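The structure under discussion appears below in the form of structure tokens.
The values are calculated or read from the model by the stated rules, or taken from the named source; none is laboratory data. Just so it is clear, the structure is predicted and the values come from calculations on it, not from any experiment. Cβ placement follows ideal geometry from the backbone for every residue including glycine, while neighbour counts extend to all protein chains displayed. Note: accessible area is taken over every heavy atom of the protein model, side chains too, but ligands, DNA and RNA are not part of it. Shrake-Rupley method; radii C 1.70, N 1.55, O 1.52, S 1.80 Å.
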Amino acid sequence: MSQDRSIKIAPSILSADFANFGAEIRAIEAQGADWVHIDVMDNHFVPNLTFGPQAVAAFRPHVKTFMDVHLMISPVDPYIDAYAEAGADMITAHVEAESHIHRTLQAIRATGKMVGISLNPGTPLESIDYVLDLVDMVLLMTVNPGFGGQKFIESGVEKTRRLKRMIGDRPVLIQVDGGITPETAPAVVAAGADVLVAGSAVFKGGSAEAPEVYGENMRAIRAAAEGGR
Ligand code: DX5
Ligand code: ZN
């Protein structure tokens, strides 16, 4: 699947109705979401607190596509098995979150799940030079993590372009996360992004009772992104 370079839209349920996750997940998938992005936050690595393994396990039966778990927690290693058992398809850890990121990525691989590595906007690409062969995906943060609805940080475009060159022929996807909208999607896709995480731009104006708005929002992002290619 890492060879599949079609553009994927991964709505972040951080912008969903927190009292209605099952219906929200079913609604975005029925409306064309490719993946479901779960933002796990610990109020330590990032200034916000979200989903433990038990919550993620409760989402699992509703996700028919691909459950993409973005861990914004430090430490990571003690929780890898719990999120794997909760049913993640991909587990992404931050390079800034562990002193021994190589070991962390090996531990994720050992669970049989797909392996992602993420970088904050201020973290140089060189920090992943020696682990690129261990991952299926690199997630570039295009906002400082913690909250939905923030403004896209423009340096993410050039960073995506440089990462694409670094990856070369490797079967490694590029995911961008933060401030992705129909306005910002074309440039990151032109630079090489494969998977677009979007929270507020997908969920704005819709609800599980008015899911067609989610569909329109995702179509707008996808159409703009495909224009970027
Ligand atoms: C930010 C999270 C993102 C966030 C994106 O810490 O990792 O996934 O929910 O939200 P938007 O698309 O609203 O910037
Ligand atoms: Zn995320």
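Structure values in brief
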| item | result |
| --- | --- |
| Where R162 falls short, out of the listed (1) open to solvent by 20 Å² or more (accessible area, probe 1.4 Å); (2) closer than 17 Å to V143 by Cα | (2) |
| Leading residue by the ranking (nearest to ligand 2 (Cβ to nearest atom)) among those in segment 10-21 that are farther than 15 Å from V213 by Cα and assigned to a strand (DSSP E or B) | S12 |
| Pair list, Cβ under 6 Å, 6 or more apart: segment 137-160 residue under 14 Å from G122 (Cβ atoms), other residue open to solvent by 20 Å² or more (accessible area, probe 1.4 Å) and part of a helix (DSSP H, G or I) | L140/K159 |
| Total residues in segment 22-49, condition under 18 Å from the mean Cα position of the chain (by Cα), under 30 Å from E98 (Cα atoms) and either away from ligand 2 (no atom under 16 Å from the Cβ) or open to solvent by less than 30 Å² (accessible area, probe 1.4 Å) (or both) | 8 |
| Unmet requirement for D68, which otherwise passes all of (1) open to solvent by 10 Å² or more (accessible area, probe 1.4 Å); (2) among the acidic types (D, E); (3) within 16 Å of ligand 1 (Cβ to nearest atom) | (1) |
| Matching residues in segment 202-229 - criterion: being open to solvent by less than 10 Å² (accessible area, probe 1.4 Å) and either closer than 19 Å to E24 by Cβ or in a loop (DSSP other than H, G, I, E, B) (or both) | V202, Y214, G215, M218, I221 |
| Candidate set from segment 140-151 (those that are crowded, with 19+ Cβ neighbours inside 10 Å and among the hydrophobic types (A, V, I, L, M, F, W, C)); member that is nearest to ligand 2 (Cβ to nearest atom) | M141 |
| Condition met for V172 (surrounded by 15 or more Cβ atoms within 10 Å (Cβ to Cβ), within 27 Å of P47 (Cα to Cα) and not acidic (D, E)) | no |
| Search result, residues across segment 50-81 that are in contact (Cβ under 8 Å) with a residue 60 or more places away in the chain and either more than 17 Å from the chain's Cα centre (by Cα) or assigned to a helix (DSSP H, G or I) (or both) | none |
| Residue count, segment 163-201 (criterion: under 16 Å from P11 (Cα atoms) and part of a strand (DSSP E or B)) | 8 |
| Count of residues meeting criterion [touching a strand residue (DSSP E or B) at 6+ places or on another chain (Cβ under 9 Å) and open to solvent by 20 Å² or more (accessible area, probe 1.4 Å)] in segment 123-135 | 3 |
| Odd one out for G156, checked against (1) open to solvent by 30 Å² or more (accessible area, probe 1.4 Å); (2) within 16 Å of ligand 1 (Cβ to nearest atom); (3) in a helix (DSSP H, G or I) | (1) |
| Options I25, I91: the member that is touching a residue at least 24 places away in the same chain (Cβ under 8 Å), within 16 Å of ligand 1 (Cβ to nearest atom), among the β-branched types (V, I, T) and touching a Lys or Arg at 6+ places or on another chain (Cβ under 6 Å) | I91 |
